[in-house]
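Single-structure report; data block below.
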Amino acid sequence: MDFLSIADSSPDRIHDLVAMAGEVKQHPGRFAERLTGRSVGLFFMKPSTRTRVSSEVGTRQLGADPVVLKGDEVGLGGRETVEDVGRVLDRYLDALAMRVFDHRDLVSIAAVAEAPVINLLSDLEHPCQAIADLLTVTEHRPKASIAYVGDGNNVLHSLMVGATMIGGSIRIATPVGYEPDDRYIALARQYGNVEVTNDPSEAVDGADCVYTDVWTSMGREAEMAQRLDAFSGFIVDETLFAKAAPDAIFLHCLPAHRGEEVSGPVMEHARSRVFDQAENRLHAFKAVLLDVLG
């Protein structure tokens, strides 16, 4: 079973993945060598730190063999068609986890491969990140009201649907023109409360969790100057964070640009759970791998 999207998953599956990630975290030895003899392809078209390390380490900790592939080595869609690459890798691997620019590449490979395909990040979603986020939230603030301040991007798409699927709510603040895709808003509202505003203070007011991400995602560097101007006033600093609930936590999927989307003091705040969240990427990936490989 593929894991391409939170939006394509069911609430039961997301509940189960978050619970499994927590179980793997608490009892890692129980799952050691569970996937011995399996081979997992880890394909990266984009540079990566957390995704690369968590997926490779997680694969090894479950007993499987990781095979790391870089975009320039494979030439996806250039040297070979996307579908041909998928058919070939399917003959070698038990699962294929991919970090790509275009979500359609994942869909195309999943259509021709019998092995499960995992989305390690695409332009539409970041579902493994969302499982780590939801694990972090449930550890600290179960059924939290989340305030997301920043760009309506792939991270937010997965987060907003996943959060409402597990019983949370979310208030989103973006500049005008940078709101999340309407399809994801509509889907998330089928499961829970979603509010969208252009006022960061309104979104953060009383929230249990404040979340932000970089304003300029990888692949959009040409828009940086325009985005820095558009997002002026959307930094999560001490003043904005103080509007959240007194025991609110702060999250960021990293890498963080301190002084842009978040201030240094908020990153280092006593209630920042950013590095717990980063650690949870490992446990989340292991849960996803166990899920897709049965």
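Tabulated values for the structure
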| item | result |
| --- | --- |
| Sorted by Cβ neighbour density within 10 Å, fewest at the top, the residues Thr138, Thr59 | Thr138, Thr59 |
| Net charge of neighbours whose Cβ lies under 15 Å from the Cβ of Pro28, counting Lys and Arg as +1 and Asp and Glu as -1 | +3 |
| Cα gyration tensor shape of the stretch 195-294, rounded if a/c is under 1.5, else prolate or oblate by comparing a/b with b/c | oblate |
| The stretch 32-125, relative contact order in percent, only Cα pairs under 8 angstrom and at least six apart counted | 31 |
| Folded to 0 to 90 degrees: helix 11-26 orientation relative to the chain principal axis, Cα | 80 |
| Per principal axis, descending, Cα span of the stretch 160-222 in whole Å | 37, 25, 18 |
| Straight-distance crosslink candidates among lysines, where the alpha carbon sits under 20 Å from Lys46 and sequence neighbours closer than 8 are dropped | Lys70 |
| Degrees between helix 127-140 axis and first principal axis of the chain (Cα, 0 to 90, nearest 10) | 50 |
| Taking only Cα atoms of the stretch 32-125, radius of gyration then Dmax in Å | 12.5, 38 |
| Global form of the stretch 68-193, assessed from the alpha-carbon gyration tensor, a/c cut-off 1.5 | prolate |
| Residues whose placed amide H lies under 5 Å from that of Ile118, excluding near-sequence neighbours | Phe3, Leu96, Ala97, Met98 |
| Packing rank of 187-196, 113-122, where each peptide gets the mean count of other beta carbons within 10 Å, highest leading | 113-122, 187-196 |
| Cβ-defined net charge surrounding Phe241, 15 Å radius [Lys, Arg +1; Asp, Glu -1] | -2 |
| Mean Cβ neighbour count within 10 Å, used as a protection proxy, ranking 74-85, 251-262 highest first | 251-262, 74-85 |
| Ranked by how many other beta carbons lie within 10 Å on average, peptides 168-177, 124-133, 204-213 from highest | 124-133, 204-213, 168-177 |
| Rounded to 10°, Cα long-axis angle of helix 274-292 versus longest principal axis of the chain | 40 |
| Overall form of the stretch 32-87 per C-alpha gyration tensor (a/c, 1.5; a/b vs b/c) | oblate |
| Spatial separation of Cα centroids for the stretch 270-294 and the stretch 132-175, in angstrom | 15 |
| Cα-centred dipole magnitude for the chain, charges only on beta-carbon of K, R (+1) and D, E (-1), debye, nearest 20 | 740 |
| For the chain, calculated [θ]222 nm from helices alone, where every DSSP H run of n ≥ 4 adds -39500 (n - 2.57) | -12500 deg cm²/dmol |
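Every number in this text was worked out from the coordinates using simple rules, so none of it is lab data. It should be emphasised that the depicted structure is a prediction, and the values quoted were computed from it without experimental measurement. Here Cβ is always computed from backbone atoms with ideal geometry, including for glycine, and neighbour counts include all displayed protein chains.
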